[in-house]
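Enquirer: Just dropping this structure here.
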Amino acid sequence: MTKAGEFNRDQNYITTRITADGRDGYPVEPGRYRLAVSRACPWANRAIIVRRLVGLEDAISMAVAGPTHDERSWTFDLDPGGRDPVLGIERLQEAFFARFPGYPRGITVPAIVDVPTGQVVTNDFDQMILDLVTEWRAYQRDGAPDLYPKQHRDEIDTVSRLVFEDVNNGVYRCGFATSQQAYEEAYRRLFGRLDWLTARLERQRYLTGDAITLADVRLFPTLARFDAVYHGHFKCNRQKLSEIPVLWAYARDLYQTPGFGDTIDFDHIKRHYYEVHRSINPTGIVPAGPDLSGWLDPHDRARLGGSPFGDGTPPPPPRPAETVPAAHTARAS
């Protein structure tokens with residue numbers, strides 16, 4: 001936090017990369033790495049989506065932490081005995097400490113862990129998803145979409161930067177502000193950017209080009225959490241997402257696209273924000289709402305043209321062990 005009450009995200013991540021040529025000491029190697037995530041976390045949600053869309057399930061296994069954590073980090077309390085069955089650890093912190101004893105920064109997801117050594121490789125969420133798309137091509141599924149096409153990269157990068165600053169991080173700047181001025185500035189930036197996105201998406205189905213790209217992947221997890229947590233919990237309350245017609249239709253379009261909505265666990269999302277953020281919600285009470293059935297309403301976005309996967313194909317259904325429980329998803333009323 002700044003003296004003016006502004007929330008400043010610590011963006012000093014472990015920047016080691018896993019690359020095809022192994023230049024950082026970690027070569028692309030199927031079966032060697034484990035992606036640690038929580039379905040509650042929007043930053044981890046992006047990695048889950050990318051892994052699904054490009055079909056890296058066989059190449060990179062996934063450890064799913066529970067929705068809540070304490071100051072010592074995320075725990076694998078969903079697994080039998082409270083330990084990740086592959087890494088053998090109770091807390092993600094153990095993988096960070098294995099490489100950096102006493103690691104002083106936040107223990108964040110997503111993180112990729114080197115299974116043979118049990119050491120964290122990286123928690124740089126943005127570079128991570130970019131590398132899953134570009135460096136792991138040899139192990140992607142047949143029909144994997146190109147989420148970072150060369151002809152749109154500059155536009156994807158520009159849009160993604162604006163979305164990160166004002167929307168992805170903007171909701172946190174609203175929620176964790178400790179002064180009225182800081183909150184109102186973050187609020188104005190957030191809804192100004194949502195208005196900008198509305199104008200852009202009125203005339204095109206996706207943020208850049210005629211198919212889904214990393215720009216859409218970066219925006220969607222924030223929209224998926226908007227009415228469930230950000231509108232009330234983070235005071236992002238000019239409107240609900242469901243009251244912004246263009247963005248609501250765009251979000252439903254993606255939610256109903258394989259690889260997006262099937263990664264969303266609304267139960268974990270609500271439990272995380274309302275139970276963990278006691279400075280904002282001291283009672284820890286988790287709201288019963290909102291009604292989620294609207295996520296399955298028709299969106300009419302196909303009329304704008306384009307194809308979700310471009311020249312690629314949809315991913316297959318999630319594997320049984322990675323399927324979100326039906327009770328935690330949007331269901332028809």
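The values are calculated or read from the model by the stated rules, or taken from the named source; none is laboratory data. Bear in mind that the values here come from a model prediction, so they are computed numbers and not experimental data. Note that each Cβ is placed from the backbone with ideal geometry, even for glycine, and that neighbours are counted across all protein chains shown. Areas reflect the complete protein model, heavy atoms only, side chains present, ligands, DNA and RNA absent. Shrake-Rupley method; radii C 1.70, N 1.55, O 1.52, S 1.80 Å.
Enquirer: Given a 1.4 Å probe and the protein chains all in place, what does the accessible area of Trp196 round to, in Å² to the nearest 10?
Expert: Here the residue's solvent-accessible area equals roughly 90 Å².
Enquirer: Ordering Phe97, Phe260 from largest to smallest accessible area (1.4 angstrom probe), what's the sequence?
Expert: On the way: Phe97 75, Phe260 0 Å².
Largest to smallest exposure gives the sequence Phe97, Phe260.
Enquirer: Over 33 Å apart: what share of the alpha carbon pairs of the chain falls there, rounded to a whole percent?
Expert: Here the long-distance tail beyond 33 Å is 23 percent of all Cα pairs in the chain.
Enquirer: Taking the Cα centre of segment 260-333 as the origin, how large is its charge dipole in debye, to the nearest 20, when only Lys and Arg (+1) and Asp and Glu (-1) carry charge on their Cβ atoms? All intermediate terms of the calculation are to be shown ahead of the outcome.
Expert: Values: 7 positive and 9 negative charges, 29 e Å.
Charge dipole, segment 260-333, about its Cα centre: 140 debye, nearest 20.
Enquirer: Additional query: Quick one: Kirkwood hydrodynamic radius for segment 117-203, alpha-carbon pairs, angstrom, one decimal?
Expert: After inverting the mean inverse Cα-Cα distance, the result is 15.7 Å.
Enquirer: For segment 206-280, with equal point scatterers placed on the C-alpha atoms only and solvent neglected, what are the log10 I(q)/I(0) values from the Debye formula at q = 0.21 1/Å, to two decimals?
Expert: -0.98
Enquirer: Can I ask one more? Taking every Cα atom in segment 1-158, find the radius of gyration and the maximum pairwise distance Dmax, and write them in Å.
Expert: For segment 1-158, the Cα-based Rg and Dmax read 16.0, 52 Å.
Enquirer: What's the carbon and sulfur percent of the chain's accessible surface, probe 1.4 angstrom, rounded to a whole number?
Expert: Percent of accessible area from carbon and sulfur atoms in the chain: 49.
Enquirer: Calculate I(q)/I(0) for segment 170-311 by the Debye formula, one identical point scatterer on each C-alpha and no solvent, and give its log10 at q = 0.16, 0.20 Å⁻¹ to two decimals.
Expert: -0.88, -1.26
Enquirer: Additional query: Distance between Cα centroids, segment 226-250 to segment 18-51: provide it in whole Å.
Expert: A separation of 30 Å, based on Cα centres.
Enquirer: While we're on this one: Highest mean first, what order results for 177-183, 52-58 on Cβ atoms within 10 Å?
Expert: Going by the mean number of other Cβ atoms within 10 Å, highest first, we get 52-58, 177-183.
Enquirer: Another question, then. Do you know the relative contact order of the chain, to the nearest whole percent, from alpha carbon pairs under 8 angstrom that are 6+ apart?
Expert: 20
Enquirer: Given a 1.4 Å probe, how much area per residue of segment 194-289 is accessible, in Å²?
Expert: Per-residue accessible area for segment 194-289 comes out at 33 Å².
Enquirer: Using only alpha-carbon positions, what ratio does the radius of gyration of segment 76-125 give when scaled by 2.2 N^0.38 Å? Intermediate values should be presented prior to the final figure.
Expert: Values: Rg = 10.5 Å, N = 50, 2.2 N^0.38 = 9.7 Å.
Ratio of Rg to 2.2 N^0.38 Å for segment 76-125: 1.08.
Enquirer: Quick check for you: which residues of segment 240-261 have the amide N under 18 Å from the point 7 Å beyond the Cα of Thr323 toward its beta carbon?
Expert: Correct set: 256-261.
Enquirer: So, one more: I need the peptides 223-235, 292-304, 199-211 ranked by packing, meaning the mean over residues of other C-beta atoms within 10 angstrom, with the highest value on top.
Expert: Highest mean packing first, the order is 223-235, 199-211, 292-304.
Enquirer: Using Cα-Cα distances under 8 Å and only pairs 6 or more residues apart, what relative contact order does segment 108-247 have, in percent?
Expert: Reported relative contact order: 22 percent.
Enquirer: Among 12-25, 268-281, how do they line up by average Cβ neighbours within 10 Å per residue, starting with the highest?
Expert: Ranked from most to least packed, the peptides come out as 268-281, 12-25.
Enquirer: Any number yet on Rg/Rh for segment 210-250, C-alpha, Kirkwood?
Expert: Dividing the radius of gyration by the Kirkwood radius yields 1.02.
Enquirer: Now, a different point. State, as an integer percentage, the relative contact order of segment 144-211 based on alpha-carbon contacts under 8 Å between residues 6 or more apart.
Expert: Once divided by the residue count of segment 144-211, the mean separation gives 30 percent.
Enquirer: Treating only the Cβ of Lys, Arg, Asp and Glu as charged (+1, +1, -1, -1), what charge dipole size does segment 212-306 show about its Cα centre? Round to the nearest 20 debye. Provide the component values of the computation, followed by the final result.
Expert: On the way: 11 positive and 11 negative charges, 74 e Å.
With only Lys, Arg, Asp and Glu charged at Cβ, the dipole is about 360 debye.
Enquirer: More than 13 Å apart: what percent of Cα pairs in segment 1-54 qualify?
Expert: Value for segment 1-54 (Cα pairs over 13 Å): 75 percent.
Enquirer: Given segment 97-141 reduced to its alpha-carbon atoms as identical point scatterers, what log10 I(q)/I(0) does the Debye formula return at q = 0.20, 0.28, 0.31, 0.32 Å⁻¹?
Expert: Once normalised to I(0) and log-transformed, intensities are -0.73, -1.06, -1.13, -1.15.
Enquirer: Cα convex hull of segment 127-173: mean projected area in nm², to one decimal?
Expert: On the way: hull surface 16.4 nm².
Result: a mean projected hull area of 4.1 nm².
Enquirer: Rounded to whole Å and sorted largest first, list the principal axis extents of the Cα atoms in segment 258-333.
Expert: Largest first, segment 258-333 extends 49, 30, 25 Å along its Cα principal axes.
Enquirer: Farthest toward the dipole's positive end in segment 3-99, which of Tyr26, Ala36, Thr15, given Cβ charges of +1 (Lys, Arg) and -1 (Asp, Glu) about the Cα centre?
Expert: Thr15
Enquirer: What is the distance in Å between the Cα centroid of segment 58-120 and that of segment 254-333?
Expert: 24
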